[in-house]
1. Select the helices (runs of 4 or more DSSP H) contained entirely in region 1-110, then report the ones holding at least 1 residues which are crowded, with 16+ Cβ neighbours inside 10 Å, of a type in the set (Gly, Ala, Ser) and over 18 Å from the mean Cα position of the chain (by Cα).
2. Search region 172-185 for residues being part of a helix (DSSP H, G or I) and surrounded by 15 or more Cβ atoms within 10 Å (Cβ to Cβ), and hand back the single one that is modelled with the lowest pLDDT.
3. Suppose we filter region 15-45 for residues that are touching a residue at least 40 places away in the same chain (Cβ under 8 Å) and over 13 Å from ILE85 (Cβ atoms); how many remain?
4. In this structure, does VAL114 turn out to be part of a helix (DSSP H, G or I) and farther than 18 Å from GLY151 by Cα?
5. Among the numbered criteria (1) farther than 26 Å from GLY187 by Cβ; (2) at pLDDT below 90; (3) of a type in the set (Ser, Thr, Tyr), which one does TYR101 miss?
6. Scan region 157-170 residue by residue and report those that are part of a helix (DSSP H, G or I) and surrounded by 19 or more Cβ atoms within 10 Å (Cβ to Cβ).
7. Touching a residue at least 24 places away in the same chain (Cβ under 8 Å), polar (S, T, N, Q), in contact with a helix residue (DSSP H, G or I) (Cβ under 9 Å, 6 or more places away or on another chain) and under 21 Å from LYS143 (Cα atoms), is that true of SER92?
Amino acid sequence: MTVLFQYFSENWRYILIQSRTHFLISLYGVLLACLVAIPLGILLAYKKKSNSLSMMIANILQTIPSIAMLSVLMIFFGLGSNTVIIANFLYSLLPILKNTYAGITNVDPKLLDVAEGLGMTRIQRLFKVVLPLSISIIIGGIKNAIVVAVGITTVGTFVGSGGLGDIITRGINMVDAGEVVWAGAIGAAFMAVLLDILLGFVEKKLTPKQKRVSSF
């Protein structure tokens, strides 16, 4: 343990740089997935006939092992962080898509009838009723996606993406350097837990008060 603290104190700048790289690669992939999966989930909720094909494609992408996915993407996009960002994007589609679809379809139809009776248009009902009531479920999907992305970014070191995975592989390649492996592994685990907590806080803040009370 003393050796681990010594490694952190001597290399904290390097660890901080790699943590920043790791975070940005994970974040960019999930944000791109949000831009695609959330609108697609909303569309599928209103046009249920096209639901099965889209979900099937997302499920297939999710079942491909990460190292295999990275290897295939590397052929087309080469080495570097862009390959890992694309992999994170593909793996994030399913949880965000499924949760968006579930959140939209689980809104009480009676509330929609009331909103329609008040003269709201379809777009107004979506942004003023449906999305506020389903935001907690959507963020749940984003939370799952970001945790998975942090893990995939760790593996991304094998395609030259940088990040905390570089620290882990450096420790593996060194003789008697378990503290280096621990530094990278602890950093990745801490990042995943911290992001999950932060998104949970955001989820709580954005969830309508009446829904929070009714959930107890």
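The values are calculated or read from the model by the stated rules, or taken from the named source; none is laboratory data. Keep in mind the model is a prediction, meaning the values are calculated, not measured. Please note: Cβ atoms are built from the backbone with ideal geometry, for glycine as well, and neighbour counts cover all protein chains shown.
1. 2-46, 51-63
2. GLU179
3. Looking only at that region, the number is 12.
4. It is true that VAL114 is part of a helix (DSSP H, G or I) and farther than 18 Å from GLY151 by Cα.
5. Single failed check for TYR101: (2).
6. Correct list: THR157, VAL159, LEU164, GLY165, ASP166, ILE167, ILE168.
7. yes
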